[in-house]
Amino acid sequence: MREEKRLPVTFEEVRKSEEIKVYIERADQSLRAIGFTEHSFAHVMKCAVTASGLLQKLGYSERECDLVKIAGYMHDIGNVINRCDHAQSGAIMAFRILDKMGMPVEDIALVITAIGNHDEGTAFPVNAVAAALILADKTDVRRTRVRNSDLATFDIHDRVNFAVEESETIFDAEEKTFTLKLRIDTSICAVMDYFEIFLNRMLLCRKAAEFLGLVFKLEINGLVLL
């Protein structure tokens, strides 16, 4: 550890950590066992890139953009303990790991606050890093997250994700909007099914966007619904 003066820990250092990789892999294995959609490297990297890209476009500092990337990459490691309260347990794990790596306490505080506030049951966009992580995490809806290959056994979560044929997040600087644009196959999943599963997540996205001075929009099959 950096004993005399703690120096910034970069996203690249975190991404190369074998310890963190194991936690991400094992957490995803646990979620697979209980029937959840993919939460492995594809998901966490998408969250990292989307969140950091958004803050960059909004003019946040290079350091804040890197920290939200770290938070996005590590946000689901708590699932290795249990799905229940995984945001809080993940934040505690991240504190231990990042402290051991020598990250300055101010940076650790931002990362663990974002991780601890990303799950819709207890989340709130308490700062810009947390808000960007919420938007990135809750808008990662796509067919490739579904592991189950038997359509006959799909539950509503499988149907909602599998029905998504195209998914895109759009930041409009001029209009100050952040839009989740989806094209879904309504023969697989009705739009109402989407709202049954994701309404709380979309309302959380609205709060997160408002924190960043934006309006959140949800567009499905060409219709703006939120």
Number of positions in region 184-214 that are within 14 Å of V129 (Cα to Cα), of a type in the set (A, V, I, L, M) and loosely packed, with under 14 Cβ neighbours inside 10 Å: 0
Which one of these is surrounded by fewer than 17 Cβ atoms within 10 Å (Cβ to Cβ), in contact (Cβ under 8 Å) with a residue 12 or more places away in the chain and β-branched (V, I, T): V146, V126, V141? V126
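Residue-wise test of (1) within 18 Å of A123 (Cα to Cα); (2) surrounded by 17 or more Cβ atoms within 10 Å (Cβ to Cβ); (3) free of Cβ contacts under 8 Å to residues at least 12 places away in the same chain.
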{"residue": "V14", "(1), (2), (3)": "no, yes, no"}
{"residue": "E19", "(1), (2), (3)": "no, no, no"}
{"residue": "A33", "(1), (2), (3)": "no, no, yes"}
{"residue": "A51", "(1), (2), (3)": "yes, yes, no"}
{"residue": "K57", "(1), (2), (3)": "no, no, no"}
{"residue": "S61", "(1), (2), (3)": "no, no, yes"}
{"residue": "D76", "(1), (2), (3)": "yes, yes, no"}
{"residue": "M93", "(1), (2), (3)": "yes, yes, no"}
{"residue": "R96", "(1), (2), (3)": "no, no, yes"}
Quick one: which helices (runs of 4 or more DSSP H) lie wholly within region 7-58 and hold at least 2 residues that are within 18 Å of the chain's Cα centre (by Cα) and over 13 Å from Y73 (Cα atoms)? 18-33, 41-57
The residue from D158, D193 that alone is assigned to a helix (DSSP H, G or I), modelled with pLDDT under 90 and under 20 Å from D28 (Cα atoms) is D158
Check whether at least one residue in region 72-81 is within 25 Å of E25 (Cβ to Cβ), small (G, A, S) and under 12 Å from the mean Cα position of the chain (by Cα), and report yes or no. yes
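Going by what's in this entry, would T186 be described as part of a loop (DSSP other than H, G, I, E, B) and farther than 24 Å from L31 by Cβ?
Working: part of a loop (DSSP other than H, G, I, E, B): yes; farther than 24 Å from L31 by Cβ: yes.
Considered against the rule, which asks whether it is part of a loop (DSSP other than H, G, I, E, B) and farther than 24 Å from L31 by Cβ, T186 comes out as yes.
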Being of a type in the set (A, V, I, L, M, F, W, C), farther than 27 Å from E19 by Cα and under 13 Å from the mean Cα position of the chain (by Cα) is the filter here; which residues of region 101-159 pass it? V141
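The values are calculated or read from the model by the stated rules, or taken from the named source; none is laboratory data. Model, not experiment: these values are computed from the prediction. Reconstructed Cβ throughout: ideal geometry from the backbone, glycine too, with neighbour counts over all protein chains shown.
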